[in-house]
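The values are calculated or read from the model by the stated rules, or taken from the named source; none is laboratory data. From a predicted model like this one, the values you see are computed outputs, not experimental measurements. Neighbour counts are summed over all protein chains in view; Cβ atoms, including those assigned to glycine, are modelled from backbone coordinates with ideal geometry. Ligands, DNA and RNA are excluded from the accessible area calculation, which covers all protein heavy atoms including side chains. Shrake-Rupley method; radii C 1.70, N 1.55, O 1.52, S 1.80 Å.
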Amino acid sequence: MSTSSLPVSPRRTLALPRLETLAAWLLAVIWIFPLLYAVWAAIHPPAYMVRFDLLAPLTLDNFTNAWVQAPFARYYLNTFALVTGVVLAQFVVCTLAAFAFARFPIPGKNLLFMLVLIQLFVFPEVLIVENYRIASELGLINTITGIGLPYVASAFGIFLLRQTFKTIPRELEDAARIEGCGWLEILWKVYVPLAKPTYLAYGLVSISHHWNNFLWPLVVTNSVESRPLTVGLGVFSAPETGVNWATVSAATLLSIAPLLVAFLLFQRQFVQSFLRAGIR
């Protein structure tokens, strides 16, 4: 008798989903434990950092101390300016490049597109020295522009938008051309509106990445006027500064709070946008 015809045990069928659920909960606990500890340390006095007493007094002094001891208002302003500028520039550059790759009959287009995709296989750390040299020659050291410039042309964004543009029916483009629209009007009135889920998905990923980016901003900045939150937090929590870990935990929560709140508010749109923007 063939083994494929043997009956499957009901217990075995029920056990697999239970093991998967248990593994998922275990991973979730491991992932969220550092965040829960940071919350505990931030809202309790330093004496209770490692004493998990449910009756421990609550306090917001750690947040106040963190805000006073470091210029977090300036760090927030720098980070918002950086993330907004990078994402808007990426939208423009990636949209034009993706539209050209998806619709224009460019000689050697596939080869050029493969060269763009090579960027996905190059770690950003490999390019730090060359990027620093270019930023120095352009006079962009210790500027927000210098932090964001290497990320303007995103291979991932070009790839994602190109795949989306290729799924849009040519009939819509032909109808717009009959109405007298030029290429830019066709792009703005036909392709961009139909690719909104892709823009949302890519925008959320890009915001998260550049909000948390640390190494390149650390290399290219050296003053409060241009440091983003990640670098500011790294300087603030350095051992030589002498701050306690309760204050550091509060500062960490201040840094991640906007992203955490945004994810909690838009998690459904985040998941749905990726499902709609899947590579087809």
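Residues that are touching a residue at least 40 places away in the same chain (Cβ under 8 Å) and open to solvent by 50 Å² or more (accessible area, probe 1.4 Å) were ranked within region 155-178; the one that is nearest to the chain's Cα centre (by Cα) is F156.
With respect to the stated conditions, R103 fails to be surrounded by 15 or more Cβ atoms within 10 Å (Cβ to Cβ), within 19 Å of V205 (Cα to Cα) and of a type in the set (K, R). Restricted to helices (runs of 4 or more DSSP H) entirely inside region 1-110, those with at least 2 residues that are modelled with pLDDT under 85 are 10-42. Selection of region 21-67 for residues being touching a residue at least 60 places away in the same chain (Cβ under 8 Å) and open to solvent by 80 Å² or more (accessible area, probe 1.4 Å) yields only W67. Of the residues examined, T79 is one that is outside the structural domain of V190 (by the TED database) and either of a type in the set (S, T, Y) or touching a Ser or Thr at 6+ places or on another chain (Cβ under 7 Å) (or both).
Looking at region 134-142, can you tell me whether even one residue there is in the same structural domain as A201 (by the TED database), modelled with pLDDT of 90 or more and open to solvent by less than 30 Å² (accessible area, probe 1.4 Å)? Yes: one or more hits. Tell me, please, whether a residue that is assigned by the TED database to the domain that holds L111, closer than 25 Å to F266 by Cβ and over 20 Å from the mean Cα position of the chain (by Cα) can be found in region 193-209. Yes, that holds for at least one residue.
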